[in-house]
Amino acid sequence: MALIELKNVIGGYGGAPILNGVNMSIEQSDIGVIVGPNGAGKSTTLKAIFGLLKVTEGSIVFQGEEIQNALPDRLVPKGLSFVPQEKNVFTSMSVEENLEMGAFTRTDDFRPTIEWVYDMFPVLREKRRQPAGELSGGQRQMVAMGRALMSKPSLLLLDEPSAGLSPRYVLEIFEQIVKVNKAGVAILMVEQNARQALAFASRGFVLATGKNRFTGTGPELIADPEVAKSFLGG
Amino acid sequence: MIARRSLTLFAGLFVLFCVIGWALGAANISLLLVQSFAYALIALGLNIQWGYGGLFNFGIMGMLMLGGAATTFISTPIIPGFWGSEGPLLLGRALLAFAFGFLLVWGARKADRVGIRGGWKTALTIVAWAAAYIIYRSQIDVAAAYIEATPDGWIGGLGLHPVLGWLFGGVLAAGAAYIVGKICLGLRTDYLAIATIGISEIIRALLKNMDWLTRGTLTVSPIPWPTPLPQEFQASGTPITDSFIYARLGFLGLVLIVLIVAFFLVQRAYGGPWGRMMRAIRDNYVAAASMGKNITSRQLEVFILGSVLMGIGGAMLVSFGQIYDPGSFQPINHTFLIWVMVIVGGAGNNWGAVFGAMLIYITWMISDPVSQWLFNGISNWSTDLGWGAIPEIQSRASQMRVFVLGVVITIALRYAPRGLIPEVVKREA
Amino acid sequence: MNELIFFFNNVIVGGVALGSIYAVGAIGVTLIFGILRFAHFAHGDMMTMGAFIAFLLMLACQALGISVPFLPTGFLVLPVAMVLTTIIALGLDKGFYAPLRKRGAKPVTMLIASIGVTLIIQGLIRLFFGSGTWSFFESETKQLIRIPVPLEGVTRTINFTQPQVLMVVCTAVAVLALHFFLTRSRLGKAMRAMADNPDLAQVSGINTKVVVRVTWIIAGSLAAMAGTMLALDVQLKPDLAFNIVLPIFAAAIVGGLGQSYGAIAGGFLIGFAETAAIFNWSVLLRPIAGALPFEVPATLAIVPTEYKLTVAFVILVVVLLWRPTGIFKGASS
Ligand SMILES: Nc1ncnc2c1ncn2[C@@H]1O[C@H](COP(=O)(O)OP(=O)(O)OP(=O)(O)O)[C@@H](O)[C@H]1O
Ligand SMILES: [Mg+2]
């Protein structure tokens, strides 16, 4: 059984629907990558999964349970976590406090998880007492991901984790993502660096105007001449 | 749709006034009418500021007080004793000191022209402010003490026609609005609210304590009417009750003329390019700014224009009441009441503002007798039950007005957030 | 030296007392602004309400003969008054603000709604208590504490009242408790997180409704405390609210709306400024009058006493012009 399955999801922000039938399926071991032009509804898809906008039709099934329109404070304990595209750290709070906020719904001891995050992003250990607002863009992205991992999710939703990073950092953050996935966390991410991301994606989705246009493994999509021509810039 | 609805609402209001008029008598209803039309003018002023411009003015009371002070100064009789004394000379010196202080501060703020910059300029400005304040105080305190020691204790008025006083009220409010606007209009809404309320409290403190100018808590009375007083009708043999009705009708006519002229002008401005631009600025600050519109000066215009109406309205109320008592001005009665009028009526719609003003004013005025009647009933009932009567019913009932006002605005916000006669949203290409 | 003690008694003692009240009130305003993003205008009325609840409780205690030696009954009942005010504050939120919040109303609408709450509370208080003044010290005496200064030629004593001491203690306890709550507890940190970035707080799984509730609990209890302290220091009257809400907003804005520590600093700044502005400075100048090039007038206050309330606004306006987000960095939304 798939970890999460979106069946023909239709939804929007109140006006005309933005999503016009999105279908997706992710296994526990998968890294799913969503690509597509600006305004295609990629971020909106992640928000729909996370209960941040109204799903009017279709279903979202997570671990065998329908979760459409459930709010984040219910989803996080179930094992979902979300890193938004922008404003994804608490700028006035220290790095460590940011991580603690990620563990808000947990009642057990989360110190080991903090150590685990620090091991994954050693820079953050050095900067643990510094306000997140004083970090560089790449470091902030790590804080944001670390925060989302603190709830020990089984599925991590990432919205453009490489946005605004220099090419070297892009590779680094992708390596981290693969590492997180190896640790047993399924990933569903939106990426603009489509080729690079699809290269390691076990599931790839090309979205346009709120609909799936192509679905397959990452390498399959890269190899598809039509996808390459219209969505990956030749 | 909205036109039909507003027609129905106005018809209902008319019936309400008739019923109350029938219950309270013609003399009382003419009094209520004059006051509610004056409030309608004030509400129109707020509607320009808030409904058109989206400017949050919590300092309405200050504008009303200025209007009142203006008409008091213009229309009360001249006190020859003051003009014959040294008072004018001393006041003239205070005025000079003020001008000198103003120049000092102005000069300090322009100090960068002569190469004084940064921290030095700030320091110089602070020193200039302090010096200006000390110089002004050194003159005005002497003048105030002298005038307050004269037999009349204040400077009196100019003995001119009250309508000139109303005009001067508008001018004074415009001047104040210019200064307030210059200081505050760049601020975010909630800061603007606090800043304007602060400034209106400063105005109140000044007018209440400048006894030489306003007699402060001693109050000025009687303030002349622009139209014949009831006493003048009585002198020509009219029965007392009728004299009140005739006199108030005369006053009412004048207020109505002012209201109609103001309404006509405001309504036309609203439909014209100026109104469109104002709404554009209100609804989308950023887009309007990027279109190169000079937002701050447009907003200043709106703020001044609205304040002028408030100043005139305040002046009319004081003239009508024939007494200027700075201590009687309260934010609840003179700021929040107006806000409730505009919110309930419909911000952004002039008909709504006028409707709201009349409806809320009548509600405000009759809450007192109605609650008195209610409390009397409860009191009788509790006396019968042996629990004793409600003490001090009269003073308690008058406090119910405030409570009713709060309930009304709460209900309006919940169930008719855009008001009873809402703004007509025009789709513009 | 005597003159300095006079200065200390009037400006420092008075300023600390007033500053404590303003600070405790301003914290509530600033917290509500940080979490709910609107200027809660009814805060002054919540304070007055808290003070009247404390007053009623005190009357009840006196009727029942409950008292503790050395402690004014007003302070004895304070915790209960705080709890009751908190319950009412939660009810006000549920009845007045939550429905609008649910509809997604703009902060301005919330501000106007808080005017409605102001009017309702004012009306009710006046309905039950009239518009007269009441005192917590009708049947108890306000103890004056005099500390002699062991110096040659000093005749004046340092004076303050017992309520003033207790007020400062209460304020210190409240501020410390709040500090530890915000920096150590999970919920406190969640509150800071929500003030910082409400969307991300929601995404992190923080239950925003709980945070809102906690905000009202803190703001309500501090309002009761500040109101009661003010009533104990001066006297109790229904229009207390309006005289207090403006300096408190001034304090919160001067400190930067949304900044708890800023609100505390702002409160004391305004408190001291008010006492210093109406202080008769000629008292301090008189001993050195011989050395001064001018004659020392009988009274030399920065503003006459009647203008005490305007001091807060002048500071407010200056701060708004000079640094609109407050002396400390304020919330930018
Ligand atoms: N809060 C919102 N309210 C209303 N419409 C929105 C909102 N956010 C996004 N939209 C609309 O939804 C559509 C899809 O937006 P979305 O953010 O999902 O695009 P995206 O695929 O993530 O694009 P990008 O690559 O630029 O991030 C856009 O047309 C946008 O205008
Ligand atoms: Mg996006």
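The values are calculated or read from the model by the stated rules, or taken from the named source; none is laboratory data. From a predicted model like this one, the values you see are computed outputs, not experimental measurements. With ideal geometry, Cβ positions are generated from the backbone for all residues, glycine too; neighbour counts draw on all protein chains shown. SASA here: full protein model, heavy atoms, side chains in, ligands and nucleic acids out. Shrake-Rupley method; radii C 1.70, N 1.55, O 1.52, S 1.80 Å.
What the range A:161-227 shows is 45 Å² of accessible area per residue, with the surface traced by a 1.4 Å probe over protein heavy atoms.
With the simple model of a label 7 Å out from the Cα in the direction of the Cβ, residue C:209 to residue B:414 spans 1.8 nm. Summarising the label geometry, the points placed 7 Å from Cα in the beta-carbon direction at residue B:392 and residue C:131 lie 1.1 nm from one another. The phi-based Karplus calculation (6.51 cos²θ - 1.76 cosθ + 1.60; θ = phi - 60°) puts the 3J(HN,Hα) values of the range A:178-193 at 4, 4, 4, 4, 4, 6, x, 9, 5, 10, 10, 10, 9, 9, 8, 6 Hz, whole numbers, x for Gly and Pro. With contributions of -39500 (n - 2.57) from each DSSP H run of at least four residues, the per-residue ellipticity at 222 nm computed over chain B stands at -25000 deg cm²/dmol.
Its Kirkwood hydrodynamic radius, worked out from the mean inverse distance over all distinct Cα pairs, puts the range B:298-429 at 17.2 Å. Per residue, the convex hull spanned by the Cα atoms of the range A:23-152 amounts to 131 cubic angstrom.
The listed peptides C:31-44, A:29-42, ordered by packing as a protection proxy, come out as C:31-44, A:29-42 (highest mean of other Cβ atoms within 10 Å first).
Residues of the range B:154-196 falling in the label zone of residue B:231, defined by backbone nitrogen less than 19 Å from a point 7 Å along Cα to beta-carbon, are B:156-163. Apply 1/(1 + (r/R0)^6) to the Cβ-Cβ distance of residue B:141 and residue A:215, taking R0 = 60 Å, and write down the FRET efficiency to the nearest 0.05. Between residue B:141 and residue A:215 the formula returns 0.10. Calculated FRET efficiency, residue A:200 to residue C:186, Cβ-Cβ distance, R0 = 41 Å: about 0.65 to the nearest 0.05.
Compute the Cα gyration tensor for the range C:34-161, then decide on rounded, prolate or oblate, letting a ≥ b ≥ c be the square roots of its eigenvalues: rounded whenever a/c is under 1.5, prolate when a/b is larger than b/c in the other cases, and oblate in all that remain. Prolate is the answer for the range C:34-161, as a/c is 1.5 or above and a/b outweighs b/c. Annotation: amide H-H contacts under 5 Å for residue A:211 (H modelled 1.01 Å from N, sequence separation of 5 or more, or interchain): A:20. Between the range B:194-271 and the range B:27-65, the alpha-carbon centres lie 13 Å apart. With R₀ set to 30 Å, the beta-carbon distance separating residue B:294 from residue B:112 gives a calculated FRET efficiency near 0.80.
Rounded to the nearest whole angstrom, the semi-axes of the ellipsoid equivalent to chain B, taken from the Cα gyration tensor as √(5λ), stand at 38, 31, 22, largest first. Here the scattering of the range B:238-344 is modelled by Debye summation over its C-alpha atoms, one equal scatterer each and no solvent; at q = 0.11 Å⁻¹ the log10 of I(q)/I(0) is -0.54.
Going from the chain on its own to the full set of protein chains, the range B:383-404 has these residues losing 20 Å² or more of accessible surface (heavy atoms, 1.4 Å probe, no ligands, DNA or RNA): B:396, B:399, B:400, B:402, B:403. Heavy-atom surface analysis with a 1.4 Å probe gives the range C:104-224 a carbon and sulfur content of 63 percent of its accessible area. In the protein assembly as shown, the inverse of the mean reciprocal separation of distinct Cα atoms equals 32.2 Å; this is its Kirkwood hydrodynamic radius. Calculated accessible area for chain C comes out at 40 Å² per residue, all protein chains present (probe 1.4 Å; ligands, DNA, RNA ignored). In the calculated pair-distance distribution of chain A, the portion above 33 angstrom amounts to 14 percent of the Cα-Cα pairs. Model label sites at residue A:5 and residue B:7, defined 7 Å from Cα along the beta-carbon direction, differ in position by 6.1 nm. In terms of the mean number of neighbouring beta-carbon atoms within 10 Å, the peptides A:159-170, A:75-86 order highest first as A:75-86, A:159-170.
Kirkwood radius for the range C:14-78, taken over all pairs of different Cα atoms as the inverse mean of 1/r, rounds to 13.7 Å.
Taking only the C-alpha atoms of chain C, Rg followed by Dmax gives 21.1, 71 Å.
Counting, for every residue in B:257-267, the Cβ atoms of other protein chains within 10 Å of its Cβ and taking the mean gives 0. Peptide B:199-209 shows a mean partner chain C-beta count of 4 within 10 Å per residue C-beta. When the solvent-accessible area of chain A is split by element, carbon and sulfur atoms take up 51 percent of it, the probe being 1.4 Å.
Shielding by partners for peptide B:351-364, expressed as the average number of C-beta atoms from other protein chains within 10 Å of each residue's C-beta, is 0.
With a 1.4 angstrom probe, the accessible area lost at the C-A interface totals about 1800 Å². How many angstrom lie between the Cα centre of the range C:127-164 and the Cα centre of the range B:143-182? Cα centroid to Cα centroid, the span is 42 Å. Past 21 Å, Cα to Cα, is the threshold; run B:110/B:182; A:47/A:179; C:106/C:189 against it and keep the listed order. Where the Cα-Cα span goes over 21 Å, the pairs concerned are A:47/A:179; C:106/C:189. Note that the range B:27-37 has calculated 3J(HN,Hα) couplings of 4, 5, 5, 5, 5, 4, 5, 4, 5, 6, 5 Hz, one per residue in order, obtained from phi through the Karplus relation 6.51 cos²θ - 1.76 cosθ + 1.60 (θ = phi - 60°); glycine and proline are x. Build a GNM of chain A with springs between Cα atoms under 10 Å apart, and of A:111, A:140, A:128 the one that fluctuates most is A:111. On a per residue basis, chain B carries 46 Å² of accessible surface, using protein heavy atoms and a 1.4 Å probe. Relative protection proxy for B:109-117, C:203-211, A:96-104, from highest mean packing down: A:96-104, C:203-211, B:109-117 (other beta-carbon atoms within 10 angstrom). Heavy-atom surface analysis with a 1.4 Å probe gives chain B a carbon and sulfur content of 69 percent of its accessible area.
Applying the Karplus relation 6.51 cos²θ - 1.76 cosθ + 1.60 with θ = phi - 60° to the range B:325-336 yields 3J(HN,Hα) values of 10, x, x, 8, 7, 10, x, 5, 6, 10, 10, 5 Hz, where x marks Gly and Pro.
In chain C, the longest principal axis of the Cα atoms and the axis of helix C:208-233 are about 20 degrees apart. Using a 1.4 Å probe on protein heavy atoms only, how many Å² of accessible area do B and C hide from each other, summed over both chains and rounded to 100? In total, chains B and C hide about 3800 Å² from solvent.
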